[in-house]
Amino acid sequence: STPLLEVNNLRVSFKMHAGEVQAVRGVSFRLDKGEVLAIVGESGSGKSVTAQTIMRLTPTPPSYIKEGSIVYEGKTDITKLSESQMGKVRGAEMGMIFQDPMTSLNPTMTVGMQIAEGIRKHEKLSKSAALARAIELLKLVGMSNPEGRIHQYPHELSGGMRQRVMIAIALACHPKLLIADEPTTALDVTIQAQIMDVMRDVQEKTGTSIILITHDLGVVAELAQRVIVMYAGQVAEQGSLHDIFYNPRHPYTWGLLQSVPRLDSDKKSELSSIPGTPPDLYAPPKGCAFAPRCPYAMKVCMDNDPPQFEIDGPAHTAKCWLNHPDAPKVDRPIETGG
Ligand code: SF4
Ligand code: MG
């Protein structure tokens, strides 16, 4: 069937005084209807810029789409839309949730009015009908006493409740795609789990597709069916949740998996991170972008950018020379396998 979204060789750069920052460098993926896709990577990997570009939210200038297409429902190329055409897509077709709800909520307006305004921007509805839907939406995101909450202001709510309100606003016009950029990062651990439960619940009830942007593979395991691992503006590896957790084929994915706190360990909070820093995206390396941090780097890696190697078919690919048939066999540093 037609995918909801098809991103083809997307390149996004920022023109700065010091030169061009190549933030997204040839990203391709597809998202099916009702699917939950996680995009994982460190800060600066291009995951947020990719998500924001789908909603055309990166500032132009300095950002611009250098190449590629983002095809929505098999017909509309998002990269070609004008700002006013895009205004109709945002909110109505796609909703977005950000890390910090406080910066996106209007402090001077009750939450009921903010949700109602969002609805009325796209649909001809009376204020009272829109407020009635606001109450339904607050119920959907698990808010207690929604009839009372609609009269409250953002500062009267906890961080977790504000994030629920943001999810309600994002869902107000029944979008087919919900993009959540680090939706739980600013919240403490117990609230994070509650918000992930809300997301899962909302996905099951509405059937919306979700793109979840996160640096945390633990969060991914909670919700996603498919995973894209990004590094230095490129897709390092992509596959099903099972592929990524049980048959990872890229050393960067191995590193990320080592950083996931083990539930069966008492050293839960000790995250081992991958030594080194990502490459300078003003001047990306000509070989593998991960080579300077990769314990398995070979000569070929320095000189030649690896292609996406298919692992048992096109649904699982890894951009690493270790997947070449003639590559040496290496021992993975982590135990995988269920
Ligand atoms: Fe490491 Fe080479 Fe694979 Fe890059 S291509 S991740 S340097 S082994
Ligand atoms: Mg980000």
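The values are calculated or read from the model by the stated rules, or taken from the named source; none is laboratory data. These figures come from a predicted structure and were not determined experimentally. Cβ atoms come from the backbone with ideal geometry, glycine included; neighbour counts cover every protein chain shown.
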Answer from 235, 219, 227 - the residue that is crowded, with 16+ Cβ neighbours inside 10 Å, farther than 25 Å from residue 114 by Cβ and within 16 Å of ligand 2 (Cβ to nearest atom):
219
Which one is modelled with the lowest pLDDT among residues in the stretch 317-338 that are under 13 Å from residue 253 (Cβ atoms) and assigned to a loop (DSSP other than H, G, I, E, B)?
336
May I ask you to list the residues in the stretch 300-316 that are outside any loop (DSSP other than H, G, I, E, B) and over 25 Å from residue 273 (Cα atoms)?
300, 303, 309, 310
Sort out which residues of the stretch 163-199 are touching a strand residue (DSSP E or B) at 6+ places or on another chain (Cβ under 7 Å) and among the charged types (D, E, K, R), and write them in order of number.
176, 181, 182
Out of the stretch 216-232, which residues are among the charged types (D, E, K, R) and out of contact with any Leu (no Cβ under 6 Å at 6 or more places or on another chain)?
216, 222
Is there a residue in the stretch 251-262 that is under 14 Å from the mean Cα position of the chain (by Cα) and either away from ligand 1 (no atom under 16 Å from the Cβ) or over 23 Å from residue 33 (Cβ atoms) (or both)?
no
What are the pairs, 6+ residues apart or on separate chains, where a residue within the stretch 98-111 that is within 17 Å of residue 191 (Cβ to Cβ) has its Cβ under 8 Å from a residue that is polar (S, T, N, Q) and more than 13 Å from ligand 2 (Cβ to nearest atom)?
98/104; 101/163; 105/114
Give the number of residues within the stretch 208-229 that are farther than 13 Å from residue 180 by Cα and modelled with pLDDT of 95 or more.
5
Report, by residue number, each residue of the stretch 10-61 that is surrounded by 18 or more Cβ atoms within 10 Å (Cβ to Cβ), more than 20 Å from residue 243 (Cα to Cα) and of a type in the set (Val, Ile, Thr).
12, 21, 24, 49, 50, 53, 54, 58
